[in-house]
Amino acid sequence: MLETDRSASDVTFSPDGTEIVLCCRDGSVQTVNAQTLHLIRVVRESGSTLYCGFSSDGKLLATGSCDTSAMILDGASSNI
């Protein structure tokens, strides 16, 4: 089960409902399995991550941080 001491500023579900993405104030973007709540992957942003959202087809994940940077990630692998 997911246990974190990080404060999430935004949470979103993948379009198919299988994953949950947490955008955390420590700059991490955490993807967890929606059924088991097990951590799948973690990606780091340069600043506190404020917003995240999937494209409608789930292929892309966009994040935005407080330092005005943004990342577009592959929704399946989280590669930039």
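The values are calculated or read from the model by the stated rules, or taken from the named source; none is laboratory data. Bear in mind that the values here come from a model prediction, so they are computed numbers and not experimental data. Cβ atoms come from the backbone with ideal geometry, glycine included; neighbour counts cover every protein chain shown. Areas reflect the complete protein model, heavy atoms only, side chains present, ligands, DNA and RNA absent. Shrake-Rupley method; radii C 1.70, N 1.55, O 1.52, S 1.80 Å.
Side notes on the structure shown:
- Choice from VAL21, VAL42, VAL29 showing the highest fluctuation, given a GNM over the chain with Cα pairs closer than 10 Å: VAL42
- Taking N as the residue count of the chain, its C-alpha radius of gyration divided by 2.2 N^0.38 Å amounts to 0.97.
- Relative contact order [Cα under 8 Å, 6+ residues apart], the chain, whole percent: 22
- Around the Cα centre of the chain, unit charges on the Cβ atoms of Lys, Arg, Asp and Glu (plus for the first two, minus for the last two) sum to a dipole of about 60 debye.
- Once the 1.4 Å probe is applied to the protein heavy atoms, the chain comes out at 57 Å² accessible per residue.
- Across the accessible surface of the chain, with the other protein chains kept in place and a 1.4 Å probe, carbon and sulfur atoms take up 53 percent.
- Backbone N within region 30-53 under 18 Å of label point (7 Å from ALA70 Cα along the Cβ vector): 45-53
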